[in-house]
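No value in this document is a laboratory result; all are computed from the given coordinates. It should be emphasised that the depicted structure is a prediction, and the values quoted were computed from it without experimental measurement. FYI the Cβ positions are ideal-geometry reconstructions off the backbone, even for glycines, and counts take in every protein chain you see.
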Amino acid sequence: MMTGLRESCCVTGVGETEYTRGSGRSVAALQMEAALRAIADAGLQPGDIDGVIPYGNMEMVAEEFITNLGIEDLRFSAVTPLGGASAVAAIQAATSAIVAGAANHVLIPIGRNGYSGPRIGGRAQAIPQFRVFGEYEMPSGNIAPAQLYAPMARRHMELYGTTSRQFAEIAVTMRNHAMLNDNAVMKKPLTVEDHQNSRMISDPLRLFDCCLESDGAAAVIISGAERAKDLARRPIYIMGVAEGHPDSPSAISQRPDLTKIGLAKAAPRAFAMAGIGHEAIDVAEVYDCFTYTVLCQLEDLGFCQKGEGGDFVSGGRIALGGELPINTHGGLLSQSHIIGMNHVCELVKQLRGDGGKAQVADAEIGLVTGYGDLGDGSIAIMRN
Amino acid sequence: MTAATYDKPLPPPNEESRPFWEAMKEHRLVLQKCGACGKVRHYPRPVCDACFSMDTEWMEASGKGQVHSWTISHHAFHPGFKGDLPLVLVIVDLDEGVRMCAQARDLDPEGLRIGLPVRVDFEDATDDLTLPVIRPA
């Protein structure tokens, strides 16, 4: 069995800003606050950071972190431009660099003014990962993720009988979890009927199938396992980590199986590296840009067969107290859209026992996924 | 309509895709075909992923196909499409073995189903741009 990076590194610090709609602050200020909080959480000094993986949209670059944090000798930098899969993919890059001796403590910051800042909109054509659908599909009006992902959900519904009410179960569960979280944007109760009555955005995806747009930042510190033992907090060990890219990664329309994404390739690698089975997972933070995306990932993670996701998410299984609690912080759907770094922070908090009112009792092992750029996937399995 | 008053996103053609858009203007659907092994590919790109040949030919497509999946958009996401809502966007399996995505015309949204026979048609958007649309077979 390929153990690879198993337990070679730990998450040693997490930091989050307040999550809002309208920060009134620069993206740089948000990311630096999250970074400083993560560094302090780890018991490190800013100058201890010798690696950084800025978010792949290049809004913030390594130079900004050197300048603001007074890093004298940054030895490692990289970007993992996988959209919403970037945060967790960066954990694989950081871990690889640390094991290879290229860095000791790698900072992974993500943040933006997703609510108050400019939308991507028509500029998507200029983003290399979006160039192909930008040329052939955007001129026909296929512009936004809700439109691009809706045919994936529609095909799943047609092939497997998946229903909008099953999507609603996911939305309601995320909202119930957010209502336990002091740093969540959406605190108003949501029912299945509210979901069913919400306006259609791009059929079959309704308003409450879609994630929030948020302002804020989150950051983590990855350190080698030996060094982690001497730091301020209980180390959270990275048992398995992987990224995966779907077939036809640049054009969903050309993908052989519309219902299968990159995570289907990454998940078996991560579970093999971790050396555990699915039954060992106590809590899962699953990238939830749309309700359907959660359902699809649960299948591609291997918790159920393809086509069984609708049944899997029903009956309270994914709620706190259920068999597999998902997105205990409320996720992108109801906590905040911090491009999945809020999911990474939440998993670490759960495994530290810092989950507050949403703490999963005796959580020892959990996983976090990323999903982005039309179907790229990433996964990290961690233990305390 | 001229490009100056057209308010929707325009395709930025490149060396690989220009023949596709030029044929569109003549209301012809053409697809890349590998000059070595004959595999048809879409969207246009420089290398055949079956045999890695860069020898590329263009073939006339039948324009016939079947619905693979779809969405009906009630939100425009771009100001240029606000007057066109709802948009019925259909992914089509072409008989040649590749897919395309375009707006539907005269297709009843309620009657959409996987495998529904359709055909590709053409609409002139500007003097320099023709877009594919999907009609009932």
Binned Cα-Cα distances of chain A, short to long, each 10 Å bin given as a whole percent | 6, 26, 36, 25, 7, 0
Euclidean distance of C-alpha centroids, segment A:268-314 and segment B:87-137, integer Å | 34 Å
By the rule of no other cysteine beta carbon under 4.7 Å, the lone cysteines of chain B are B:CYS101
Net length gained if the chain between A:GLU18 and A:GLU193 were fully extended (0.36 nm per residue, minus Cα distance) | 60.0 nm
C-alpha long axis of helix A:27-42 to longest principal axis of chain A, angle in ° = 60 degrees
Please give every one of the aspartates and glutamates within straight-line cross-link reach of A:LYS188, meaning a C-alpha to C-alpha distance under 17 Å, and leave out same-chain neighbours fewer than 8 residues apart.
-> A:GLU169, A:ASP209, A:GLU213
Under the 7 Å Cα-to-Cβ spin-label approximation, B:LYS82 and B:HIS27 lie apart by a distance in nanometres of 3.3 nm
For chain A, calculated [θ]222 nm from helices alone, where every DSSP H run of n ≥ 4 adds -39500 (n - 2.57) = -9500 deg cm²/dmol
Assuming R0 = 35 Å, what is the FRET efficiency of B:SER53 and A:ILE127, from their Cβ-Cβ distance, to the nearest 0.05?
-> 0.75
Measure nothing but the geometry: give the 0 to 90° angle between the long axis through the Cα atoms of A:86-99 and the longest principal axis through the Cα atoms of chain A, rounded to 10°.
-> 30 degrees
Of A:LYS187/A:LYS357; A:LYS260/B:LYS33; B:LYS25/B:LYS82, which sit over 18 Å apart, Cα to Cα?
-> A:LYS260/B:LYS33; B:LYS25/B:LYS82
In Å, the C-alpha Rg and Dmax of segment B:15-61 are 10.2, 31
Longest principal axis of chain A (C-alpha) makes with the long axis of helix A:291-301 (C-alpha) an angle, in degrees to the nearest 10, of 70 degrees
Any chance you could list P(r) for segment A:316-377, counting all Cα-Cα pairs in 5 angstrom bins from zero, rounded to whole %?
-> 4, 18, 27, 27, 15, 6, 2, 0
Cα centroids of segment A:29-83 and segment B:1-77: how far apart, whole angstrom?
-> 41 Å
